[in-house]
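Data block below; observations after.
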Amino acid sequence: MSPLFNLTPDLAVSRLCLGTMTFGEQNTLSQSFRILDEAFHGGINFFDSAEMYPVPQREETQGRSEEYFGRWVKERRIPRDRVVIATKVAGPSGQMSWIRGGPECLDARNIIEAIDSSLMRLQMDYIDLYQIHWPDRYVPMFGETEYDPTRQFSSVCIEEQLDALGRVVNAGKIRYIGLSNETPYGVMKFLQIAERASRYPKIISIQNSYNLLNRTFDSGLAECCHHEGVSLLAYSPLAMGILSGKYFAPDRGPTDARLNLFKGRYSEGETRYNLCNNMVKTATMEYLGIAKRYGLHPVSLAIAFVLRQPLVASAVFGATRSSQLQEVLNAVEVDLTPQIVTEINKNSENINIILNFGRKTMLF
């Protein structure tokens, strides 16, 4: 059973959060229901979605992940207070014209329209945690590691975004707000502005990638979150399945595995974790070796590592089949010994050395 973490005094979430971004693309409605049933009965009460899901994003499927989750709650007659649902508003992209024309920006109109649409798809009166999927300004993300000042563009001010979010909080449509794919600067600006104006809600969480191949949260963001009481919702704890080892097996993994099934169609995922990059393979194989030496399943090693980070409230993972879900549920019972952690950190240090000498060769 997944234990609980008090995200706020009145919001307890399971240490594992089931992400729904495969629902409606890789998973049919019946398959999604089965995974949701098994996760719920396994102690998971925390579920994450987004208005743009499932991925890869398409006009024909946009919103299905929220819709499937909402139908599950209704058809299974799950009491609303037994589940915590988090979802997100898409930031400016220009690549999803079917979502409010781009989306073009994250102004008040876009935020409020997105919330109302999500509530309709979810068939719910309120959302527990509403997150800005990515900033309404240029930041390095989705695998980028260096900030380029020349890529700045005109963006909606944070005050307008917080004002819109504050209005929907007051209206009872959302309970709490959070950020995703943010930087230390962004986190502190949202907190600073909310502190200056009491009518603005304070962020309680940030959902960023964190795993054995990507520990950038530990540099900068961790300090911000520690001092400001902001929890990390660690997404991609298995690095899109890479840390399971399946993509480096002789058969290169199942044909329906995400990075195989959508090869050439999933640019964000392929950019973040380049399977052709020898650094990715070398680092992953070392972690697989650590797991084998200590008799652990690779998934258990990866999930246990994420959950031992003291600022992590929950690890946000995806599963397209029951066996994958069970592997993650089993990982909650694993405690990493100091010796295992020492070996993990040694491998991470070697990764950082390589990165510092070859900044253009991205690992994550």
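Where a ≥ b ≥ c are the square roots of the eigenvalues of the C-alpha gyration tensor, would you call the stretch 228-313 rounded, which needs a/c under 1.5, or, failing that, prolate if a/b is larger than b/c, or oblate? Before the final figure, lay out each step's value.
Values: a/c = 2.19, a/b = 1.27, b/c = 1.72.
Note, shape of the stretch 228-313 comes out oblate.
Taking the chain as a Gaussian network, Cα atoms linked when under 10 Å apart, which of Asn350, Asn208, Asn45 shows the biggest mean-square fluctuation?
Its mean-square fluctuation being the largest, the pick is Asn350.
Using a Förster distance of 22 Å, how high is the FRET efficiency between Arg82 and Lys202, based on the Cβ-Cβ distance and rounded to 0.05? Walk me through the intermediate numbers first.
Values: r = 26 Å, r/R0 = 1.17.
Step by step, r from the Cβ atoms, then E = 0.30.
Sort 143-149, 314-320, 2-8 by the packing proxy (mean of other Cβ within 10 Å over each peptide's residues), most packed first.
Ranking the peptides 143-149, 314-320, 2-8 by packing returns 314-320, 2-8, 143-149.
Which GluC sites (Glu not before Pro) in the stretch 252-344 pass both tests, a DSSP loop state and at most 11 other beta-carbon atoms within 10 Å? Present the calculation step by step, with values, prior to reporting the outcome.
Numbers: sites: Glu268, Glu270, Glu286, Glu327, Glu333, Glu343; in loops: Glu333.
Within the stretch 252-344, the qualifying GluC sites (Glu not before Pro) (loop, at most 11 other Cβ atoms within 10 Å) are Glu333.
Which of the three applies to the stretch 26-98, rounded, prolate or oblate, going by the alpha-carbon gyration tensor with a ≥ b ≥ c and a/c under 1.5 meaning rounded?
Values: a/c = 2.50, a/b = 1.82, b/c = 1.37.
Because a/c hits 1.5 or more and a/b exceeds b/c, the stretch 26-98 counts as prolate.
Dipole of the stretch 1-122, Cα-centred, from +1 at each Lys and Arg C-beta and -1 at each Asp and Glu C-beta, to the nearest 20 debye?
Numbers: 14 positive and 16 negative charges, 72 e Å.
Roughly 340 debye for the stretch 1-122.
Rounded if a/c is under 1.5, else prolate if a/b is larger than b/c, else oblate: which is the chain, with a ≥ b ≥ c the root eigenvalues of its Cα gyration tensor?
On the way: a/c = 1.43, a/b = 1.24, b/c = 1.16.
It comes out rounded by the Cα gyration axes.
Net charge around Gln131, counting only other residues with Cβ within less than 15 Å of its Cβ (Lys, Arg = +1; Asp, Glu = -1)? Don't skip to the end; give the middle numbers.
On the way: positive: Lys88, Lys173, Arg175, Lys202; negative: Asp48, Glu51, Glu66, Asp128, Asp136, Glu182.
For residues surrounding Gln131, the net value is -2.
Counting heavy atoms of the protein chains only and a 1.4 Å probe, report the per residue accessible area for the stretch 167-312 as a whole number of Å². Working shown, then result.
Working: 6420 Å² over 146 residues.
Value for the stretch 167-312: 44 Å² per residue.
How large is the charge dipole for the chain, taken about the Cα centre, if only the Cβ atoms of Lys, Arg (+1) and Asp, Glu (-1) carry charge, to the nearest 20 debye?
Roughly 500 debye for the chain.
Quote the relative contact order of the chain in percent (integer), defining contacts as alpha-carbon pairs under 8 Å separated by 6+ residues.
On the way: 634 pairs, mean separation 63.0, N = 364.
RCO, the chain: 17 percent.
Rank-order 87-93, 294-300 by packing density, defined as the average count of other C-beta atoms within 10 Å over each peptide's residues, highest first. Please list the in-between numbers first.
Numbers: 87-93: 23.3, 294-300: 17.7.
Per-residue Cβ counts within 10 Å, averaged per peptide and sorted highest first, yield 87-93, 294-300.
At 1.4 Å probe radius, can you tell me the per residue accessible area of the stretch 98-139 in Å²? Before the final figure, lay out each step's value.
Values: 1420 Å² over 42 residues.
Accessible surface, normalised per residue, equals 34 Å².
Nearest 20 debye, what's the magnitude of the dipole of the stretch 107-152 about its Cα centre given +1 on Lys and Arg Cβ and -1 on Asp and Glu Cβ?
On the way: 4 positive and 9 negative charges, 15 e Å.
Here the stretch 107-152 has a charge dipole of around 80 debye.
If a helix is a whole DSSP H run, which ones in the chain reach 20 Å or further along their own axis (Cα) and hold a mean Kyte-Doolittle hydropathy of at least -0.5? It would help to have the intermediate numbers written out before the result.
Values: long enough: 108-122 (21 Å, 0.37); 278-293 (22 Å, -0.16); 338-357 (29 Å, -0.09).
Membrane-span-like by this rule: 108-122, 278-293, 338-357.
Nearest 5 percent is fine: what portion of the DSSP beta bridges confined to the chain is antiparallel? Show your work: numbers first, answer last.
Values: 6 of 38 bridges.
Here the antiparallel bridges make up roughly 15 percent for the chain.
Any idea what the relative contact order of the stretch 1-133 is, in percent, if you count C-alpha pairs under 8 Å spaced at least 6 apart? Could you put the intermediate results ahead of the total?
Numbers: 219 pairs, mean separation 30.5, N = 133.
Relative contact order of the stretch 1-133: 23 percent.
What is the extension gain from Asn278 to Tyr138, computed as 0.36 nm multiplied by their sequence separation minus the C-alpha to C-alpha distance, in nm to one decimal?
Working: separation 140, 0.36 × 140 = 50.40 nm, distance 2.91 nm.
Full-extension gain reported as 47.5 nm.
The values are calculated or read from the model by the stated rules, or taken from the named source; none is laboratory data. As the structure is a prediction and not an experimental result, all values here were calculated from the model. Ideal geometry is used to build each Cβ from the backbone, glycine not excepted, and the neighbour counts take in all protein chains shown. Accessible surface areas use protein heavy atoms only, side chains included; no ligands, DNA or RNA. Shrake-Rupley method; radii C 1.70, N 1.55, O 1.52, S 1.80 Å.
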